[in-house]
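Beneath this line is the structure, given in structure tokens, with notes to follow.
The values are calculated or read from the model by the stated rules, or taken from the named source; none is laboratory data. This is a predicted model, so every value here is computed, not measured. Cβ: placed from backbone, ideal geometry, glycine included. Neighbour counts: every protein chain shown.
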Amino acid sequence: MRQRTGASIPVGILVLVLLPLILMPIAAVFVFAFRGGPAAFLKSLGSEDAQFALRFSLLIAFFTAAINAVLGTWAAYVLAKHRFPGERPLAIAINLPVAIPTVVVGTSLLLLWGPIGLFGKALAPLGLQPMFTPVGVLLAHLFVTFPYMLGAVKPLLDELEVTYEEAAYTLGAGKWQTFRWVILPALRGGLFSGTLLTFAHSLGEFGATVMVSGNLRLRTQTAPLYIFAQFEAGNVAQANAVAAVLAALSFAIFFFLLRYSGRKRA
Amino acid sequence: MASDRSSRLQGRLALLGGGALLLYALWPWLPVPGRAEQPRTVVFYGFSILGEAMNDDVLPAFARSWRRATGERVEFATAFAGSGTVTNQLILGVPAQCALLSLELDAQRLADAGVVPAGSWRRLPHGGVVNRTPFVLVVRPGNPKGIHDFPDLARPGVRVVHPDPLTSGGANWAILAEYGAAARRLPDQPRQAGFQALLGVWRNVTAQAASARAARTQFENGFGDVLVTYEQDVLEDAQAGTLPGEIVYPASTVLSEHTLVVLDKNIAPSERPLIDALVRFLWSEEAQRLFVRRGFRSVDERLNAGNPAFGTIRDPFLVADFGGWKRVKREIVDGIWKERVMREVGK
């Protein structure tokens with residue numbers, strides 16, 4: 001039972017603490033974005049660089065979400081359905097990206113794929129150089145967001161009753177048919193929330209991206225990098241316009257996530 | 001039932017929203033009929049304060065002149081950051097065809113890393129130097145701390161905002177300016193005078209930013225009493241009255257010289273004429289006039305009358321007066337600032 005009476009004081013204190021910590025900074029982005037009026041906001045947002053940065057970030061987020069949805073589900077399936085030596089270490093390794101600072105991810109990618117790295121050296125004679133290109137950004141985002149899909153799908157797979165699967169096999173379904181018609185529908189919720197989380201995280205990724213993107217405007221500059229570059233250059237209005245859009249997008253994604261998980265519980 | 005329908009509606013809404021986002025994101029790359037042909041792209045890297053002058057004036061002017069000459073469209077992908085940052089990115093292999101660095105030292109680092117042939121920039125006009133600008137001080141409006149020259153930065157209680165010499169070319173110029181001004185005042189013991197001057201300034205450095213431009217943003221956001229920076233970066237705003245401060249010209253200061261490097265390894269044979277034309281254009285009268293208008297001092301002295309806002313400096317000097325960047329880096333930046341001053345400050 002939750003206490004209904006006498007809640008106003010603890011709740012009030014909580015709000016007071018959260019106000020400068022979380023709520024006011026978010027509000028400040030929107031206040032500053034619209035300080036010059038809606039016309040100035042649209043003008044900042046309409047610049048070629050800002051438009052490119054937003055589009056590029058969205059595309060990377062779509063690709064990241066799509067690729068990791070498949071990769072993550074597959075990894076979850078393998079880990080949930082098979083017992084093998086070294087299972088624990090592998091599970092830990094796959095979840096590692098959550099724990100590693102994103103800047104370190106960027107550095108390690110540069111060290112592997114860059115011109116001085118192991119893969120980079122092998123690719124150089126072929127004229128391939130993934131770092132400082134959109135491919136490099138995608139690689140970084142795949143790395144950083146990999147565990148989200150796994151975290152959303154694996155618990156569902158673990159809970160899934162084996163009997164359904166066995167029933168399907170008994171009825172003559174193949175491995176793929178069973179996966180497609182029995183397991184996948186049961187995972188829908190996890191797939192949805194995992195994909196959205198991956199998308200949202202990719203949209204806002206900064207630490208790894210700044211290392212591997214080369215920060216080229218109209219080529220590899222993502223929206224967060226654009227915000228940082230414009231803010232550093234003193235163009236606060238331009239930075240805030242894009243920041244406000246990113247924040248609004250995150251709110252929308254979060255809204256759907258919460259609605260969805262709320263419905264599932266109800 | 002009603003909740004089921006509303007949830008399905010919400011699902012559709014989410015799908016629709018996602019689809020709209022994807023369409024928006026893909027739009028520029030969709031093959032819509034009637035769209036102009038793909039332009040040729042030049043990748044140009046530069047140090048922090050160049051951004052506006054290059055993106056708004058010089059590169060568009062070149063694109064127009066190239067279009068007039070050949071009918072082709074040129075587009076520029078540009079990136080501007082601290083000169084040291086840019087140099088590191090070039091070493092790691094960013095696909096730039098040209099880069100304008102804040103100081104020749106960074107060009108030498110590129111040569112050491114095998115990115116460009118040693119001394120290749122020296123064969124360009126003016127030894128590769130595209131433009132110049134003196135190092136100045138920016139103080140709060142009304143100059144409340146009474147700062148008139150470099151020695152005033154050493155006074156107790158003065159908070160100095162300085163770019164970081166690790167990533168910023170401007171910071172290296174600033175160190176040379178602080179050292180050189182003192183050394184030229186006391187020519188019989190320049191090293192001791194320069195050391196004392198640097199020690200005084202760096203005891204008071206309260207904020208270090210990654211680039212000259214970032215240092216200026218820190219100053220504008222209210223940090224510190226005085227900023228050491230390029231005249232160019234603050235000239236336009238000072239004229240327009242939007243600089244939250246005043247420019248103070250030291251009696252003696254360095255004129256920074258900005259070096260162009262051409263990265264042959266990133267230039268396909270078919271791009272050669274385009275890049276060569278761009279390089280020539282940077283020293284053309286048209287481009288140099290644009291630089292002057294944006295607050296850079298031209299390598300062609302005659303053009304510098306074109307900007308009345310330029311302040312006068314009684315005793316300007318160049319890095320060549322101290323033996324060039326190799327020597328300045330070894331003896332002053334590393335030998336005195338890093339080895340002695342920073343150790344003393346860290347105590």
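Remarks
- The residue that is surrounded by the most Cβ atoms within 10 Å (Cβ to Cβ), among those in the range B:206-229 that are more than 14 Å from chain A (Cβ to nearest Cβ), at pLDDT 90 or above and not in a loop (DSSP other than H, G, I, E, B), is B:V228.
- When B:S168, B:S252 are checked against the criterion of being under 30 Å from B:L124 (Cβ atoms) and more than 14 Å from every other protein chain (Cβ to nearest Cβ), B:S252 stands alone in meeting it.
- Residue that is nearest to B:L110 (Cα to Cα), among those in the range B:62-87 that are more than 12 Å from the chain's Cα centre (by Cα) and among the hydrophobic types (A, V, I, L, M, F, W, C): B:A77
- If the condition is being away from every other protein chain (no Cβ under 14 Å), surrounded by 12 or more Cβ atoms within 10 Å (Cβ to Cβ) and assigned to a loop (DSSP other than H, G, I, E, B), then the range A:91-127 contributes only A:I100.
- B:L59 under 30 Å from B:V228 (Cβ atoms), in the same structural domain as B:R272 (by TED's automatic domain parsing), at pLDDT 95 or above and surrounded by 14 or more Cβ atoms within 10 Å (Cβ to Cβ): yes
- Checklist (1) buried (at least 20 other Cβ atoms within 10 Å of the Cβ); (2) more than 10 Å from chain A (Cβ to nearest Cβ); (3) at pLDDT below 95 applied to B:T85, failing item: (2)
- Search result, residues across the range B:88-103 that are on the phi < 0 side of the Ramachandran plot, within 13 Å of another protein chain (Cβ to nearest Cβ) and not aliphatic (A, V, I, L, M): B:N88, B:Q89, B:P95, B:Q97
- Checking A:A223, A:A208 one by one, the residue that is touching a residue at least 60 places away in the same chain (Cβ under 8 Å), surrounded by 16 or more Cβ atoms within 10 Å (Cβ to Cβ) and either touching a Cys at 6+ places or on another chain (Cβ under 8 Å) or away from chain B (no Cβ under 13 Å) (or both) is A:A208 and no other.
- Residue match in the range B:43-50 (condition: buried (at least 20 other Cβ atoms within 10 Å of the Cβ), in a helix (DSSP H, G or I) and of a type outside the set (S, T, N, Q)): yes
- Residue within the range A:128-137 that is modelled with pLDDT of 85 or more, exposed (fewer than 13 other Cβ atoms within 10 Å of the Cβ) and closer than 30 Å to B:I267 by Cβ present: no
- Against the numbered list (1) within 13 Å of another protein chain (Cβ to nearest Cβ); (2) over 22 Å from B:L263 (Cβ atoms); (3) of a type in the set (S, T, N, Q), B:S65 comes up short only at (1).
- Enumeration of residues in the range A:30-50 that are free of Cβ contacts under 8 Å to residues at least 60 places away in the same chain and over 11 Å from A:A241 (Cβ atoms): A:V31, A:G37, A:A39
- Selected residue (only one of B:L166, B:L186 is aliphatic (A, V, I, L, M) and free of Cβ contacts under 8 Å to residues at least 24 places away in the same chain): B:L186
- Exclusive hit being within 24 Å of A:I116 (Cα to Cα), of a type in the set (D, E, K, R) and crowded, with 19+ Cβ neighbours inside 10 Å, set B:D112, B:D106: B:D106
- Just one residue in the set A:G172, A:G151 is more than 12 Å from every other protein chain (Cβ to nearest Cβ), closer than 30 Å to A:S213 by Cβ, out of contact with any strand residue (DSSP E or B) (no Cβ under 8 Å at 6 or more places or on another chain) and not β-branched (V, I, T); that residue is A:G151.
- Residues located in the range A:230-266, provided they are among the hydroxyl-bearing types (S, T, Y) and either at pLDDT 85 or above or surrounded by 17 or more Cβ atoms within 10 Å (Cβ to Cβ) (or both): A:S250, A:Y260
- The helices (runs of 4 or more DSSP H) falling completely within the range A:17-90 that include 2 or more residues that are within 14 Å of chain B (Cβ to nearest Cβ) and more than 28 Å from B:G19 (Cβ to Cβ) map to A:24-33.
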